[in-house]
Amino acid sequence: MLPERSNLLLRNAYVLPFDPDIPERESDVLIRDGVIEDIDHGIDVPDGVDVVDATGSLLLPGFIDTHWHLWNSLLRGTVGDAPGRDYFSVKRGLAPHFNVDDFYWSARFALAEAVQNGITTIHNWDHNVVDADDVDANLQAQLDAGLRGRFSYGPRDSSPANEEMVFSGLDAARERWSTSRLDDRIHFGVALRGPYRTSTELSGSEWQEARERGMPITMHCDRCMREADCQSCGLTRLEQEGLLGSDVQIVHAVHASPEDIEAIARTGTKISVSPLSEMRTMGFPRITEFLEADVLTSVSIDTLAMPANADILSTLRSLVSAEHARTGRATLTPRIALEMATIRAARDLGIDHITGSLRPGKRADLILLDRAHTSMLPSGDVTESLVYHGTSAAIHTVICDGRILLRDRALVQESAQHAIDSVNQRRDALVDRARAAGTWSK
């Protein structure tokens, strides 16, 4: 069950708003009915509002992930370095044996980890849509977790290149899940395979189907994982075919050529980088080049099945360090890195009018960190402290849409803790089914 929305006056926090009209300073923040009502000094306490002493706390927008395969979180621990235990081998062996409960609780497990790490919005990139039941399980998980986000409807895992995506399933899901049923927190998108996983004709047809429905589109740009001696993502071809645009997000563009980057910039296409999985298996994200071309760039977790977790601060630290080492340039600053996980990510998902920064009128998606935590000391520039040495262990409160989901560093929802406590049992049962079916022998 979701906790009730809390009417709160957060007193005397240091506010890092990521909004040019709101000063960065110690302030009070008034929250009522899930909305940030005021940010100022010395706000009077309205009737029915609880006062929280936030002295010594840093208050900033909740983090936003722009690409995360929630469904396969149960594969964590099975994916590894041993032969036959790589991500794709494990996914091929186990994915066919997910049941509806697995889809739900795998997502809830990932979403619980998200809350613990201050993430309040997730782009659920579902590239294993089997049927209506698993779509409903994913959406229900996002809804029950109390977080905000997008659900991008995709094809079945490892579907043949000539197999058409079933858009009637998306239409039916949108009919079942109205905006009000989704609590105005979740919206739909489409995850497409693109022309490097399907024929040009089929890819163009699927793109048209998505655009006719007014759906935001997302696509993996993993051409260079499939072609020997690949030197570019091939995004210029997508531009020539009319597939790029401000309604499109490209993920994993680690092999983007200068021409690819120009195509992205010209068309207003968005880029999501998943630093840990990309550096592990694909290459180095080209953040500096995208930023210098004024491309909207955000950060994402990708999957818990790879060598990654939901610790956004550690992810940003790795990204900034790797980027400085790769380029020798300081284009990617700590502040820009944090924007990639807040306001720039909100712009990517088209929800920057709702969240991503702190200002009156936006929804109350925010986190509080202990400025006296060892990872934040000795104190210095706030953004540098967060990115260069801050950790999620400093986060003590997480609020999404006015609901407190993490209090005193503990998950508020019993169901979130259950998702964590039961994950080993669920993973083991999944592996047993795959072994019995002969698709997994490790």
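Check Phe284, Phe290 and return the single one that is among the aromatic types (Phe, Trp, Tyr) and farther than 25 Å from Leu75 by Cα. Spell out the reasoning first.
Numbers: Phe284 fails: farther than 25 Å from Leu75 by Cα.
It is Phe290.
Look through segment 52-77, keep the residues that are part of a loop (DSSP other than H, G, I, E, B) and in contact with a Leu (Cβ under 7 Å, 6 or more places away or on another chain), and return whichever of them is nearest to Gly356 (Cα to Cα). Explain how you work it out, then say what you get.
Residues of segment 52-77 part of a loop (DSSP other than H, G, I, E, B): 54-56, 62, 65-67, 69, 76-77.
With in contact with a Leu (Cβ under 7 Å, 6 or more places away or on another chain) added as a condition, the list becomes 54, 62, 66, 76.
Details: Ala54: 21, Gly62: 7, Thr66: 12, Arg76: 29 Å.
Out of the qualifying residues, it is Gly62.
What is the residue count in segment 86-100 for residues that are assigned to a loop (DSSP other than H, G, I, E, B) and more than 23 Å from the chain's Cα centre (by Cα)? Give the derivation first.
Of the residues in segment 86-100, the ones assigned to a loop (DSSP other than H, G, I, E, B) are 86, 98-99.
Those left that are additionally more than 23 Å from the chain's Cα centre (by Cα): 99.
Residues in segment 86-100 being assigned to a loop (DSSP other than H, G, I, E, B) and more than 23 Å from the chain's Cα centre (by Cα): 1 in total.
Does segment 107-134 hold any residues that are farther than 25 Å from Cys221 by Cα and hydroxyl-bearing (Ser, Thr, Tyr), and which are they?
Thr120
Can you report the number of residues in segment 343-391 which are in a loop (DSSP other than H, G, I, E, B), over 17 Å from Arg403 (Cα atoms), among the hydrophobic types (A, V, I, L, M, F, W, C) and touching a residue at least 60 places away in the same chain (Cβ under 8 Å)?
Qualifying residue count for the region: 3.
Go through segment 41-67 and report how many residues are over 22 Å from Gly390 (Cβ atoms) and either crowded, with 24+ Cβ neighbours inside 10 Å or of a type in the set (Asp, Glu) (or both). Don't jump to the end; show me each part of the working.
Restricting attention to segment 41-67, the residues satisfying the condition of being over 22 Å from Gly390 (Cβ atoms) are 41-51, 67.
Adding the requirement that they be either crowded, with 24+ Cβ neighbours inside 10 Å or of a type in the set (Asp, Glu) (or both) leaves 44, 47, 50, 67.
Residues that pass the stated criteria total 4.
Every residue in segment 112-134 that is among the hydrophobic types (A, V, I, L, M, F, W, C) and buried (at least 22 other Cβ atoms within 10 Å of the Cβ), please. Let's see the steps before the verdict.
Keep residues of segment 112-134 that are among the hydrophobic types (A, V, I, L, M, F, W, C), which gives 112, 114-115, 119, 122, 125, 129-130, 132.
If the condition is that a residue be among the hydrophobic types (A, V, I, L, M, F, W, C) and buried (at least 22 other Cβ atoms within 10 Å of the Cβ), then Ala112, Ala114, Val115, Ile119, Ile122, Trp125, Val129 are the ones that fit.
Would you confirm whether or not segment 116-127 contains a residue that is assigned to a loop (DSSP other than H, G, I, E, B), in the same structural domain as Leu182 (by TED's automatic domain parsing) and over 17 Å from the mean Cα position of the chain (by Cα)? Give the derivation first.
Our first condition is that a residue be assigned to a loop (DSSP other than H, G, I, E, B); within segment 116-127, this holds for 117-118, 127.
Narrowing the set further to residues that are in the same structural domain as Leu182 (by TED's automatic domain parsing) leaves 117-118, 127.
Filter once more, keeping what is over 17 Å from the mean Cα position of the chain (by Cα): none.
No, there is no match, as no residue in segment 116-127 is assigned to a loop (DSSP other than H, G, I, E, B), in the same structural domain as Leu182 (by TED's automatic domain parsing) and over 17 Å from the mean Cα position of the chain (by Cα).
So, in segment 128-137, of the ones that are touching a Phe, Trp or Tyr at 6+ places or on another chain (Cβ under 6 Å) and in a helix (DSSP H, G or I), which residue ends up farthest from Arg92 (Cα to Cα)?
Ala137
Asp47 is checked against (1) assigned to a helix (DSSP H, G or I); (2) without any contact (Cβ under 8 Å) to a residue 12 or more places away in the chain and fails just one. What number does that condition carry?
Of the numbered conditions (1) assigned to a helix (DSSP H, G or I); (2) without any contact (Cβ under 8 Å) to a residue 12 or more places away in the chain, the odd one out for Asp47 is (1).
List the number of the failed condition for Phe109; all other conditions in (1) over 24 Å from Ala337 (Cα atoms); (2) touching a Phe, Trp or Tyr at 6+ places or on another chain (Cβ under 7 Å); (3) crowded, with 23+ Cβ neighbours inside 10 Å hold.
The one condition Phe109 does not meet is (2).
Rundown of residues vs (1) over 30 Å from His418 (Cα atoms); (2) basic (Lys, Arg); (3) touching a residue at least 12 places away in the same chain (Cβ under 8 Å); (4) buried (at least 21 other Cβ atoms within 10 Å of the Cβ), yes/no style:
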position	(1), (2), (3), (4)
Arg150	no, yes, yes, yes
Gly154	no, no, yes, yes
Glu175	yes, no, no, no
Asp184	no, no, no, no
Leu192	yes, no, yes, yes
Pro216	yes, no, yes, yes
Gly245	yes, no, yes, no
Val248	yes, no, yes, yes
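Filter segment 170-195 down to the residues that are under 25 Å from Ser272 (Cβ atoms), at pLDDT 95 or above and of a type in the set (Gly, Ala, Ser) and list them by number.
Answer for segment 170-195, where residues must be under 25 Å from Ser272 (Cβ atoms), at pLDDT 95 or above and of a type in the set (Gly, Ala, Ser): Ala173, Gly189, Ala191.
Mind checking which residues of segment 341-363 are polar (S, T, N, Q) and touching a Lys or Arg at 6+ places or on another chain (Cβ under 8 Å)?
The one that is polar (S, T, N, Q) and touching a Lys or Arg at 6+ places or on another chain (Cβ under 8 Å): Thr355.
Only one of (1) out of contact with any Asp or Glu (no Cβ under 9 Å at 6 or more places or on another chain); (2) among the hydrophobic types (A, V, I, L, M, F, W, C); (3) at pLDDT 95 or above is not met by Leu304, so which one is it?
With (1) out of contact with any Asp or Glu (no Cβ under 9 Å at 6 or more places or on another chain); (2) among the hydrophobic types (A, V, I, L, M, F, W, C); (3) at pLDDT 95 or above applied to Leu304, the lone miss is (1).
The values are calculated or read from the model by the stated rules, or taken from the named source; none is laboratory data. All values reported here derive from a predicted model rather than from experimental measurement. Cβ: placed from backbone, ideal geometry, glycine included. Neighbour counts: every protein chain shown.
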